[in-house]
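Trainee: One structure, as structure tokens, below. Some questions next.
The values are calculated or read from the model by the stated rules, or taken from the named source; none is laboratory data. These numbers were taken from a predicted model, which means no experiment stands behind them. Quick reminder, even Gly has a Cβ in these numbers, built from the backbone with ideal geometry, and neighbours come from all protein chains shown.
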Amino acid sequence: MLLSEVDNNVIVRVVEINTNEKAKQRLLALGLHINDVIQIISNSNFSPILIKNITKNDARIAIGRGIAQKIEVEQVV
Amino acid sequence: MQELLLGVELPKKLKSSKLYKTVALVGQPNSGKSTLFNVLSDIKVSTANFAGTTVEYKETNINLFGNTVHLIDLPGLYSLNPVEMGEFLTLKFLIENEVDLIINVIDSTLITRSLELTIELLELGIPIVTALNMNDEAQKKGIHINEKKLSEFLGVEVVKISALYGKGINNLLEIVHSSLIYGSVKPNPIKFTHHIDEWINKIQNELYIEINSNINPRFWAIKLLENPEIVPKFVKISANEILEKSKIDIIDKHKTELFEAFAYERHHHSMEISHKTTKYISHFKMPFIERLDLLLLKPPTSFIFGIFFLLAYFFLIFYIGGWIASALEDPLQSLTPIYEGIKNFSPLLWIITDGIYQGISGAIGIVLPYFLPLLILTAILEETGYLARVAFILDNIFHKIGLHGKSVAPFIMGFGCTVPAVYATRIIESRRDRLLASVLLNFIPCSARLTVIFALTTALTGPIWAIVILAYVLVAIGFTGKLLSLFLPKPLGMIMEIPQLRFPTFGVIIKKTLYKVKDFFKVAFPFLILGSIILSILDYYKVTNFINSLLQPFISGLLDLPKELGSTLIFGFLRKELAVLMTSQAFGITNLSELPLTITQVVVYIVFIIFYLPCISTSAVFWKEFGWRHLLLTVVVGLALSTFSAVLFKVILTTFFI
């Protein structure tokens with residue numbers, strides 16, 4: 001499923017990033033990699049999607065809805 | 001990308017000094033570099049803070065155990081593959097200058113991600129000392145890093161510090177001193193997986209570097225594969241087919257883009273190192289700060305807090321600004337008689353001195369009072385990290401006008417003065433967003449224009465019209481943005497780190513504000529003085545009525561305004577609030593309420609003044625920052641918007657109201 005479709009507080013694993021190269025470089029630089037486990041902190045259509053990278057115990061990253069629709073994730077049970 | 005790097009010039013002054021050793025602070029944004037810089041620069045020999053071409057550098061000489069060291073705080077970057085303007089400059093600086101030592105500042109609470117940059121910095125071959133900053137916060141979060149082990153893995157000195165509380169600074173300075181004096185060993189970069197490393201070594205042997213630089217040739221071999229666009233011309237490769245063969249082989253084995261393969265390798269190393277050196281002891285319960293942060297970020301509470309803070313922000317600015325302005329009014333006015341004597345000596349000289357005095361009293365009496373509280377409040381917003389939250393909240397609204405949240409900071413600054421706001425657009429990554437943001441920025445009513453609105457509406461039409469006009473201004477900015485963004489490529493979506501909420505440190509806020517005020521006096525102030533001198537000379541030679549008749553067909557014909565207002569538009573270009581002062585002079589009255597204008601005429605006049613031209617200081621900064629073509633676009637869009645809005649208001653008001 002797409003990152004933009006994940007509900008609040010759900011934990012998912014990043015499967016694929018199909019954004020353009022510049023966005024992909026920025027995501028990688030911010031420490032978001034394939035197989036990273038992330039938690040969705042806020043996903044409402046009034047603001048960008050806020051995620052926290054659990055594998056890295058990292059800061060939160062805000063991702064615009066357009067880009068979140070190009071990131072493939074799977075639920076981590 | 002290549003031309004972007006070439007298009008970036010370092011400020012001429014910014015060369016690493018030949019006499020002293022150069023130490024550069026390099027780290028990811030929000031890792032506390034500036035705080036560390038401020039702490040280190042307290043033991044300073046001399047400071048020379050200056051605005052770089054695109055991003056402000058902070059540079060100073062510090063006294064380190066007797067010898068002077070040249071310390072530079074470079075813009076933060078996430079990786080040596082630059083995406084943002086600031087990152088280009090840091091990379092370019094590190095490549096082109098003799099940097100003797102890098103202090104790699106790391107936010108210890110984000111150790112894993114920060115190590116990815118550290119691993120990349122090792123490849124540069126410049127000696128490094130790693131400073132694990134915010135050590136106290138990491139401990140509070142149950143993160144314990146074994147710096148001895150980390151030092152072994154990275155092959156560089158590692159020291160724990162807390163710049164905010166000044167802890168561990170002496171230890172850091174001793175290590176920096178010893179590595180500068182005894183020369184620390186060049187770091188040995190971490191090996192990639194076998195077959196990639198083989199290719200790198202093969203490429204490295206074929207490399208021919210024209211100028212001697214302290215950059216490890218291996219770095220160029222890696223970048224030729226990973227990000228060839230940033231490899232400068234002085235790096236040549238004799239046998240090109242090796243490069244091609246290696247690219248094909250790596251892509252074949254990794255099934256991904258080259259830059260992804262390298263990014264993944266460094267990510268893997270940093271994970272491995274951080275697992276072996278960092279223990280997450282207590283799983284901390286959500287501290288109060290994080291629960292508060294969720295309220296500030298998650299809708300709907302985020303909007304409630306957002307509106308509250310925005311209102312408080314403006315109320316404080318106008319309350320404090322108004323108070324300072326009135327407090328300064330009498331002393332400034334009382335100074336006028338001093339140079340009264342020159343009048344009978346030579347009227348022209350008097351006019352010029354009066355012009356200079358008006359310029360100074362205008363800047364200090366009108367612009368500065370609103371500018372100072374705005375700078376302090378904006379610095380607080382930045383220091384606490386709340387500005388990133390505002391960008392997060394407003395991102396959707398900004399998207400509708402073709403921008404994204406990150407351009408919030410310049411827009412908020414724009415309410416104070418457009419000049420610092422134009423500098424603030426440097427944090428916006430893509431040039432496209434930056435150009436659009438700067439055009440729209442021009443229409444944000446600066447403190448001078450707000451003075452015009454409030455002065456005229458309170459004197460003649462009542463505050464209601466001020467709100468109507470301000471509402472119209474925001475709508476107009478939205479539409480213009482929407483319209484302009486149709487001609488521009490699609491905006492890059494928002495990808496932004498939301499830093500920790502932190503208590504602001506008083507010292508950093510004061511330093512930031514003083515730095516910006518000094519910048520304002522260096523750039524905008526001279527133009528304010530120049531503007532008033534030109535104005536007083538024009539006035540002296542009675543050029544004003546010539547201008548009035550020149551603009552008469554436009555002013556009276558199209559806008560139904562009395563022709564005397566024509567010349568005020570010229571003065572408005574020099575300084576916006578002068579338009580108001582000139583209206584009273586144009587009609588030979590002292591009190592604004594005696595102006596012979598109907599409500600419609602006042603509203604039409606204000607609306608036109610807000611949009612028509614950027615003031616002279618803004619135009620100068622635009623020219624310097626974006627080039628004359630962009631300035632011309634802004635002027636054309638401004639004139640079109642101002643004429644359209646003025647006529648629109650005239651038509652509506654005359655039909656429905658008076």
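Trainee: Hey, could you check the stretch B:496-512 for residues that are over 18 Å from the mean Cα position of the chain (by Cα) and within 14 Å of chain A (Cβ to nearest Cβ) and say which is surrounded by the most Cβ atoms within 10 Å (Cβ to Cβ)?
Mentor: Ranking the qualifying residues of the stretch B:496-512, first place goes to B:GLN500.
Trainee: On to the next question. Restricting attention to the stretch A:39-77, which residues are farther than 25 Å from B:PHE303 by Cα, modelled with pLDDT of 85 or more and in contact with a Ser or Thr (Cβ under 8 Å, 6 or more places away or on another chain)?
Mentor: Once the filter is applied, which keeps residues that are farther than 25 Å from B:PHE303 by Cα, modelled with pLDDT of 85 or more and in contact with a Ser or Thr (Cβ under 8 Å, 6 or more places away or on another chain), the stretch A:39-77 yields A:LYS70, A:ILE71.
Trainee: Hey, another quick one. Among (1) in contact with a Pro (Cβ under 9 Å, 6 or more places away or on another chain); (2) surrounded by 14 or more Cβ atoms within 10 Å (Cβ to Cβ); (3) assigned to a loop (DSSP other than H, G, I, E, B), where does B:GLY183 come up short?
Mentor: For B:GLY183, the failing item is (2).
Trainee: Which condition does B:SER407 not pass, out of (1) more than 24 Å from the chain's Cα centre (by Cα); (2) within 14 Å of another protein chain (Cβ to nearest Cβ); (3) of a type in the set (S, T, N, Q), if it passes all the others?
Mentor: B:SER407 satisfies all of (1) more than 24 Å from the chain's Cα centre (by Cα); (2) within 14 Å of another protein chain (Cβ to nearest Cβ); (3) of a type in the set (S, T, N, Q) except (1).
Trainee: Applying the selection to the stretch A:8-31, what residues are at the interface with chain B (Cβ under 9 Å from one of its Cβ atoms) and over 27 Å from B:ILE428 (Cα atoms)?
Mentor: A:ASN8, the sole residue that qualifies.
Trainee: Kindly check whether there is at least one residue in the stretch B:247-257 that is on the phi > 0 side of the Ramachandran plot and of a type in the set (D, E, K, R).
Mentor: yes
Trainee: Right, here's the next one. Out of the residues in the stretch B:131-155 that are farther than 26 Å from A:ASP36 by Cα and within 31 Å of the chain's Cα centre (by Cα), which is surrounded by the most Cβ atoms within 10 Å (Cβ to Cβ)?
Mentor: B:ALA131
Trainee: Within the stretch A:32-47, track down each residue that is facing chain B (nearest Cβ under 9 Å) and either more than 11 Å from the chain's Cα centre (by Cα) or assigned to a strand (DSSP E or B) (or both).
Mentor: The answer is A:ILE41, A:SER42, A:SER44, A:ASN45, A:PHE46, A:SER47.
Trainee: Looking for something hydroxyl-bearing (Ser, Thr, Tyr), surrounded by fewer than 17 Cβ atoms within 10 Å (Cβ to Cβ) and under 30 Å from A:ASN20 (Cα atoms) - is there at least one such residue anywhere in the stretch B:252-263?
Mentor: Going residue by residue through the stretch B:252-263, those that are hydroxyl-bearing (Ser, Thr, Tyr) are B:256.
Narrowing the set further to residues that are surrounded by fewer than 17 Cβ atoms within 10 Å (Cβ to Cβ) leaves B:256.
Restricting the remaining residues to those that are under 30 Å from A:ASN20 (Cα atoms) gives B:256.
Yes, the stretch B:252-263 contains at least one residue that is hydroxyl-bearing (Ser, Thr, Tyr), surrounded by fewer than 17 Cβ atoms within 10 Å (Cβ to Cβ) and under 30 Å from A:ASN20 (Cα atoms).
Trainee: So B:PRO491 ticks every box in (1) within 14 Å of another protein chain (Cβ to nearest Cβ); (2) at pLDDT 80 or above but one. Which box is left unticked?
Mentor: The failed condition is (2).
Trainee: Considering each of B:LYS400, B:LYS406 in turn, give the residue that is of a type outside the set (A, V, I, L, M, F, W, C) and more than 22 Å from B:LEU501 (Cα to Cα).
Mentor: Result of the check over B:LYS400, B:LYS406: B:LYS400.
Trainee: A further question follows. Among (1) modelled with pLDDT under 80; (2) over 21 Å from B:ILE652 (Cα atoms); (3) surrounded by 15 or more Cβ atoms within 10 Å (Cβ to Cβ); (4) away from chain A (no Cβ under 14 Å), where does B:LEU484 come up short?
Mentor: For B:LEU484, the failing item is (1).
Let's see how each residue does on (1) under 21 Å from B:LEU124 (Cβ atoms); (2) of a type in the set (Ser, Thr, Tyr); (3) away from every other protein chain (no Cβ under 14 Å); (4) not in a loop (DSSP other than H, G, I, E, B):
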position	(1), (2), (3), (4)
B:ARG218	yes, no, yes, yes
B:ILE222	yes, no, yes, yes
B:LEU225	yes, no, yes, yes
B:LYS245	no, no, yes, yes
B:ILE250	no, no, yes, yes
B:ALA261	yes, no, no, yes
B:HIS268	yes, no, no, yes
B:LEU295	no, no, no, yes
B:PRO299	no, no, no, no
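Trainee: In the list B:ALA221, B:ALA239, which residue meets the criterion of being surrounded by fewer than 16 Cβ atoms within 10 Å (Cβ to Cβ) and in contact with a helix residue (DSSP H, G or I) (Cβ under 8 Å, 6 or more places away or on another chain)?
Mentor: B:ALA239
Trainee: Given the stretch B:544-658, what helices (runs of 4 or more DSSP H) lie entirely inside it while holding 2 or more residues that are in contact with a Phe, Trp or Tyr (Cβ under 8 Å, 6 or more places away or on another chain) and either under 21 Å from B:ALA471 (Cβ atoms) or modelled with pLDDT of 85 or more (or both)? I'd like the intermediate steps shown before the answer.
Mentor: Numbers: elements: B:565-574, B:576-586, B:599-611, B:616-626, B:628-656.
The qualifying helices (runs of 4 or more DSSP H) are B:599-611, B:628-656.
Trainee: Among residues belonging to the stretch B:617-629 that are hydrophobic (A, V, I, L, M, F, W, C) and surrounded by fewer than 19 Cβ atoms within 10 Å (Cβ to Cβ), point out the one that is nearest to B:PHE415 (Cα to Cα).
Mentor: Filtering first and then ranking leaves B:ALA620.
Trainee: Residues B:ALA263, B:ALA239: which one is over 28 Å from A:VAL14 (Cα atoms) and aliphatic (A, V, I, L, M)? Outline the logic, then answer.
Mentor: On the way: B:ALA263 fails: over 28 Å from A:VAL14 (Cα atoms).
Result of the check over B:ALA263, B:ALA239: B:ALA239.
Trainee: Same structure again: Could you grab me the full set of residues in the stretch A:62-77 that are facing chain B (nearest Cβ under 9 Å) and under 8 Å from the mean Cα position of the chain (by Cα)?
Mentor: Passing the criteria: A:ILE63, A:ALA68.
Trainee: Being more than 21 Å from B:VAL158 (Cα to Cα) and part of a loop (DSSP other than H, G, I, E, B) is the filter here, so list the residues in the stretch B:186-215 that pass it.
Mentor: Matches in the stretch B:186-215: B:PHE192, B:THR193, B:GLU210, B:ILE211, B:ASN212, B:SER213, B:ASN214, B:ILE215.
Trainee: So, one more: Using the structure shown, decide if B:LEU297 is within 22 Å of the chain's Cα centre (by Cα) and within 30 Å of A:ASN43 (Cα to Cα).
Mentor: No; evaluated as a whole, the condition is false for this residue.
Trainee: Do we find that B:PRO347 is of a type outside the set (A, V, I, L, M), farther than 30 Å from A:LEU50 by Cα, crowded, with 18+ Cβ neighbours inside 10 Å and away from every other protein chain (no Cβ under 14 Å) in this structure?
Mentor: No; evaluated as a whole, the condition is false for this residue.
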